[in-house]
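Just below is one structure, and these are the notes that go with it.
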Amino acid sequence: GVELTNYNEIATAAYTPPDEDCFEGSVAVLEVEGGINAGRQYDRYGALWLGGVELLRTTTPEPNAARGITWRVAKDVSEYAMWLRTAGLNASLSIPNTVDSTYTGVLTVSANLSFYEAEDVYGATAVLAASDPLKTPNPWNAMGVSGTEARRGAVTLPFQDAYRVVVDLYASGHSCDEFWYTNVPG
């Protein structure tokens, strides 16, 4: 587990792939557990990356000031099996948080990768990052756009016989965008 108290803090740890046997006939599940102690705090957005590839975009629940709160998220990341086999990657977690005299809730988070037996498992998949947000001072602004602005990225497919390409796009509202769904026309 790691405590995140600094707004721009990114917790990073070396990732060691499991034994190859773990991947055979298995489902890979990313399990993230978190908690905020008793105290005042707002919900916080966050993400977990492996080697610059975003595996999870999340937000924390708002804690009860007297009791705090705990939560658990589980996400099937089996489609990233080829990427999960890659040695030398770092796992990075960022949930920008503020702890001061007003916002006293301290956030604690841990992440684990578990493998469960399954009958159907995804075929060979290559995972490529269009850009690595962790190579910028603020990963939350790395791919940000405003107005009619656009962002582009280029990747080279590692398979000449690729028959399908899937793009995972994560979008999240921040600040005034947080409650975008309440701003309906008329």
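The values are calculated or read from the model by the stated rules, or taken from the named source; none is laboratory data. Remember, it's a predicted structure, so these values are computed and weren't measured experimentally. Reconstructed Cβ throughout: ideal geometry from the backbone, glycine too, with neighbour counts over all protein chains shown. SASA here: full protein model, heavy atoms, side chains in, ligands and nucleic acids out. Shrake-Rupley method; radii C 1.70, N 1.55, O 1.52, S 1.80 Å.
Model label points for Glu20 and Asn112, set 7 angstrom from Cα along the Cα-to-Cβ axis, are 2.7 nm apart. Multiplying the residue separation of Ala38 and Trp140 by 0.36 nm and removing their Cα-Cα distance gives an extension gain of 34.0 nm. Carbon-plus-sulfur accessible fraction, region 34-102 (probe radius 1.4 Å, protein heavy atoms only): 52%. With N as its number of residues, region 8-163 has a Cα radius of gyration that, divided by 2.2 N^0.38 Å, comes to 1.19.
In this label model, Asn64 and Gln160 are separated by 6.3 nm, measuring between points 7 Å along each Cα→Cβ vector.
Summing +1 for each Lys or Arg and -1 for each Asp or Glu among the other residues whose beta-carbon sits under 15 angstrom from that of Val167 gives +1. Over the Cα atoms of region 33-92, the radius of gyration divided by the Kirkwood radius equals 1.10; this is the Rg/Rh ratio. The mean sequence distance of close C-alpha pairs (under 8 Å, at least 6 residues apart), as a share of the length of region 35-114, puts its relative contact order at 43 percent.
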